[in-house]
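Just below is one structure, and these are the notes that go with it.
The values are calculated or read from the model by the stated rules, or taken from the named source; none is laboratory data. Computed from a prediction, not measured in an experiment: that's the story for all the values here. Cβ: placed from backbone, ideal geometry, glycine included. Neighbour counts: every protein chain shown. These accessible areas exclude ligands, DNA and RNA; they are computed on the full protein's heavy atoms, side chains included. Shrake-Rupley method; radii C 1.70, N 1.55, O 1.52, S 1.80 Å.
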Amino acid sequence: MHPILLEIGPIVVYSMWFMIVLGIIAGGFIFIKLAKEHSLKLNFILDHSIAIIFAGILGARLLFIMKNFGYYFFQVNISSILSFFYIWDRGLSAWGGIFGVVAALIYFCKKEDQPILRWLDILFISIMVGLVFGNIGAFLEGSISYGKETALPWGVKIEGPTMKYTIPIHPTQLYAAIYTLILSAASIFVFVKKLLEKDGDIFVFGTLTYAVIRFLEEFLRGDDVLTFLGLREGQVISLIAIIMAGLYLLIRYNKLKFPKLKLK
C-alpha cells in the first residue's frame, strides 16, 4: 500500500497518522456542531477535550499492550516500560480507544452533572466519523487489520515483511471504512430528524450495530491476534459490547425485569 504519504528530506508524513489526525478533526467538528444544535454546553467539553482525547489514546494503547504483552514485555526493563509510550509504532486498539473516550466522558459528565446520555449520542456519531478516516489510514498502512485470502475481483495484494499472504486478500479496512461511513450518516440523520425519543438510544443502538458488524468482519480478517474458545479477540470484545447493549435496551424498555426482593 502507501504507508508513507509524503517524504521531504527528514520530514516523513505517515498515511496512518495523517488519517488519524484528519479523523480527530472531522469527528471533533461534528461533535461541536451537533452539540450546538442540541443546546449543550460547549465549554464543558472544551474544558475537558484534552483529557478525553488522552483517555482515548491511553485506552487504545493499554488494550493493545495487553493483547501483545509477551512482545512488549519479553524482558522487563526500563526499555520495555518506556515502549508503552511509543505510540508511533501504530500499536493502538480501536475498541480500547472507544472505551477510554466513553469512560472519560461519563466521568466528567457525572462530575459536573451533565446529561450523560445526550453527550453519548453525539460522541457515538463523532467516533464513527473518526473511524472512517482511521480505517482508510489502516488500508494505506497495509499491515494493520488486513483480511484473509480471497478470489473476489476486489481483492488486493499487499507486500511487506510482516505480510503472510502473497495472493489477493480481503480489503477489510475498506469494508470497515464503508460500514462506519454508513453508520455515521444514518446516525446523523436519526439525530437531526429526532427519530428516536430517548437520549442514549443512538449510542446504544449504534454500539450494538457496530459490534455485530465488527464481529462478522473478524471472520474475514487474516492478521494474527489472540484467540479465546475459537473466537478472535475482536469478536470477544464485540460479544461483550453486544451483551451489554442488549441488556441495557431490554431493561430500558421494560422487557426484562428483575424480581424485587422482599425483606421481612
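Across region 135-167, the qualifying residues are those that are part of a loop (DSSP other than H, G, I, E, B) and among the β-branched types (Val, Ile, Thr), and the one among them that is modelled with the highest pLDDT is 150. State whether the residues of region 65-87 include one that is modelled with pLDDT of 75 or more, among the β-branched types (Val, Ile, Thr) and in a helix (DSSP H, G or I). No, region 65-87 contains no residue that is modelled with pLDDT of 75 or more, among the β-branched types (Val, Ile, Thr) and in a helix (DSSP H, G or I).
Within region 214-253, being over 30 Å from residue 197 (Cβ atoms) and of a type in the set (Lys, Arg) holds for 221, 232.
Filtered by the rule that a residue be more than 21 Å from residue 96 (Cβ to Cβ) and of a type in the set (Phe, Trp, Tyr), region 19-59 gives 29, 44. Per the conditions (1) modelled with pLDDT of 90 or more; (2) open to solvent by 50 Å² or more (accessible area, probe 1.4 Å); (3) within 29 Å of residue 216 (Cβ to Cβ); (4) assigned to a helix (DSSP H, G or I), the sole criterion not satisfied by residue 132 is (2). Among residues of region 36-58 that are under 16 Å from residue 20 (Cβ atoms), those with a Cβ under 6 angstrom from a residue that is modelled with pLDDT under 85, sequence gap 6+ or separate chain, pair up as 56/97. Selection within region 1-35: residues that are of a type in the set (Phe, Trp, Tyr) and assigned to a helix (DSSP H, G or I). The member of this set that is surrounded by the fewest Cβ atoms within 10 Å (Cβ to Cβ) is 29. Taken as a whole, the structure places residue 45 among residues that are surrounded by 17 or more Cβ atoms within 10 Å (Cβ to Cβ), modelled with pLDDT under 85 and under 18 Å from residue 124 (Cβ atoms). The residues in region 191-235 that are out of contact with any Ser or Thr (no Cβ under 6 Å at 6 or more places or on another chain), under 12 Å from residue 121 (Cα atoms) and in contact (Cβ under 8 Å) with a residue 24 or more places away in the chain can be counted, and the count is 10. Number of residues in region 1-35 that are among the small types (Gly, Ala, Ser) and without any contact (Cβ under 8 Å) to a residue 60 or more places away in the chain equals 1. A count restricted to region 137-168 and to residues that are surrounded by 23 or more Cβ atoms within 10 Å (Cβ to Cβ) and among the aliphatic types (A, V, I, L, M) stands at 1. Among the residues making up region 221-251, those that are hydrophobic (A, V, I, L, M, F, W, C), open to solvent by less than 60 Å² (accessible area, probe 1.4 Å) and part of a helix (DSSP H, G or I) are 236, 237, 241, 242, 245, 249. Does residue 54 fit the bill of being open to solvent by less than 40 Å² (accessible area, probe 1.4 Å), over 29 Å from residue 158 (Cα atoms), out of contact with any strand residue (DSSP E or B) (no Cβ under 9 Å at 6 or more places or on another chain) and among the aromatic types (Phe, Trp, Tyr)? No; evaluated as a whole, the condition is false for this residue.
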